[in-house]
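Here is the structure we will look at, set down as structure tokens.
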Amino acid sequence: MFALLYDVIRWEEKAIAQAAEKKGVKFSLVDSRQMSLKVGKGQKSAIKEKVVLQRCVSHYRNIYSTAALENLGHTMINSFQTAWMSSDKLFGSIALAKAGVPTPKTRLAFSEEGVLKALGELGYPAVIKPVVGSWGRMSAKLKDEDFARAILEDREYMHPSYQIYYLQEYVKRPPRDIRTFVIGGKTVAAIYRTSAGDWRTNTARGGKAEPCKITKEIDDISLKAAKAVQGRFVGVDLMESPDGLLCHEVNNTTEFKNSVPATGIDIPGLVVDYISAMERR
Ligand SMILES: Nc1ncnc2c1ncn2[C@@H]1O[C@H](COP(=O)(O)OP(=O)(O)O)[C@@H](O)[C@H]1O
Ligand SMILES: [Mg+2]
């Protein structure tokens, strides 16, 4: 028994619901937009199931509802700890580095001066990413100092979160990256995402999903990265650098629409199995 918490029903949520129905696992669909959550000690939750699978697309709704539901005693997939560490690129990088997971060289700055100093150390090209965001949105490849200044000028007119400058070395990788899926401490599937021209390989930007063999190196780094953020069900992004695999982020509430047909792995079914096994423990 579990609750599937959503705001928008995507392919993924439908697939999880269908998998649960097929396996005879009871679940309820909970629309986060209709919820009123109690805050405080010893309060009773309106959701009767103990396990809640968090599937909200909205970043803030996802994190805040996770915090409130966990406080009401629910077991969240993923926990609040995982949600905050993997929904912000800086917090994620810190968690990966602390756990000894190889990750690209990263810098943080708060002004043009700080950014140019960091870029001087990282070298060009380098990458700038918003700390909160996905699908490659607003990430830019900085070719040189002029380009960096132009991007920063735009950011000065945006929400203050866009003035938290997260900078990274540009990893010399093939025109693809690797996305793996870790469920309950197992690497269950992996795809290559090959770019369709854009330097970002996100499938949301037209990156093509192709099957990828889970080698020992891929398995090891994926498990270590998932563990670094205490992820129960996460998507791990990897790049093939000349010095071996690097993990650049761990994704909470991950999408898998393109990975299921590319790998033939029943990711929604495995998520449901994981929840069932969790409840038996
Ligand atoms: N440091 C980097 N060097 C080279 N390519 C990168 C780097 N960081 C990100 N990318 C490319 O951009 C894509 C999006 O970056 P990512 O950090 O995963 O952010 P998002 O949350 O938007 O997916 C990656 O999948 C990869 O193809
Ligand atoms: Mg990514």
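The values are calculated or read from the model by the stated rules, or taken from the named source; none is laboratory data. Predicted, not measured: the structure shown is a model, and the values here were computed from it. Reconstructed Cβ throughout: ideal geometry from the backbone, glycine too, with neighbour counts over all protein chains shown. Ligands, DNA and RNA are excluded from the accessible area calculation, which covers all protein heavy atoms including side chains. Shrake-Rupley method; radii C 1.70, N 1.55, O 1.52, S 1.80 Å.
Could you list, in sequence order, the residues of the range 40-75 that are touching an Asp or Glu at 6+ places or on another chain (Cβ under 7 Å) and open to solvent by 30 Å² or more (accessible area, probe 1.4 Å)?
Taking the range 40-75 first, the residues touching an Asp or Glu at 6+ places or on another chain (Cβ under 7 Å) are 51, 55-58, 61.
V57, S58, R61, listed by residue number.
For the range 138-159, give me the residue count where each residue is loosely packed, with under 13 Cβ neighbours inside 10 Å and either basic (K, R) or within 16 Å of ligand 2 (Cβ to nearest atom) (or both). If you could, list the steps in order and put the result at the bottom.
Kept after step one, since they are loosely packed, with under 13 Cβ neighbours inside 10 Å, are these residues of the range 138-159: 143-144, 146, 150, 153-154, 156-159.
Still in the list and also either basic (K, R) or within 16 Å of ligand 2 (Cβ to nearest atom) (or both): 143.
Here the count works out to 1.
Would you mind stating whether R107 is in contact with a strand residue (DSSP E or B) (Cβ under 6 Å, 6 or more places away or on another chain) and open to solvent by 40 Å² or more (accessible area, probe 1.4 Å)?
Yes: the conditions hold for R107.
Looking at the range 178-215, which of the residues that are closer than 16 Å to R137 by Cβ and of a type outside the set (S, T, N, Q) is farthest from ligand 1 (Cβ to nearest atom)?
Within the range 178-215, the first condition is being closer than 16 Å to R137 by Cβ, and the residues that meet it are 193, 195, 198-207.
Retained after the next criterion (residues that are of a type outside the set (S, T, N, Q)): 193, 198-200, 204-207.
Working: R193: 6, D198: 8, W199: 6, R200: 4, A204: 8, R205: 8, G206: 12, G207: 7 Å.
Ranking the candidates gives G206 first.
Identify all residues within the range 76-93 that are open to solvent by less than 20 Å² (accessible area, probe 1.4 Å) and not β-branched (V, I, T); write none if there are none.
Passing the criteria: M76, N78, S79, A83, M85, S86, G92, S93.
Just for helices (runs of 4 or more DSSP H) wholly inside the range 75-152: which have at least 2 residues that are under 22 Å from F256 (Cα atoms) and aromatic (F, W, Y)?
80-86
Do the conditions hold for A225, that is, is it within 14 Å of ligand 2 (Cβ to nearest atom), open to solvent by 30 Å² or more (accessible area, probe 1.4 Å) and either in contact (Cβ under 8 Å) with a residue 24 or more places away in the chain or touching a Leu at 6+ places or on another chain (Cβ under 9 Å) (or both)?
Answer is no for this residue.
When the range 2-36 is examined, which residues are found to be part of a loop (DSSP other than H, G, I, E, B) and either among the aromatic types (F, W, Y) or more than 25 Å from the chain's Cα centre (by Cα) (or both)? Don't jump to the end; show me each part of the working.
The first filter runs over the range 2-36 and keeps only residues part of a loop (DSSP other than H, G, I, E, B), leaving 7-10, 24-26, 35-36.
Scanning the range 2-36 gives G24, V25, K26, S36.
Where the second residue is open to solvent by less than 10 Å² (accessible area, probe 1.4 Å) and not in a helix (DSSP H, G or I) and the first is farther than 11 Å from L167 by Cα and among the hydroxyl-bearing types (S, T, Y) and lies in the range 95-118, which pairs have Cβ atoms under 6 Å and are six or more apart or on separate chains?
Here the result reads T103/C247, each pair linking the range 95-118 to a residue that is open to solvent by less than 10 Å² (accessible area, probe 1.4 Å) and not in a helix (DSSP H, G or I).
For the range 225-260, what are the residues that are touching a strand residue (DSSP E or B) at 6+ places or on another chain (Cβ under 8 Å) and farther than 20 Å from R55 by Cα?
A225, A228, L238, M239, E240, L245, L246, C247, H248
Condition test on L96, is it at pLDDT 95 or above, surrounded by fewer than 17 Cβ atoms within 10 Å (Cβ to Cβ) and away from ligand 1 (no atom under 11 Å from the Cβ)? Write out each step before concluding.
Numbers: at pLDDT 95 or above: yes; surrounded by fewer than 17 Cβ atoms within 10 Å (Cβ to Cβ): no; away from ligand 1 (no atom under 11 Å from the Cβ): yes.
Spelling it out, it is not the case that L96 is at pLDDT 95 or above, surrounded by fewer than 17 Cβ atoms within 10 Å (Cβ to Cβ) and away from ligand 1 (no atom under 11 Å from the Cβ).
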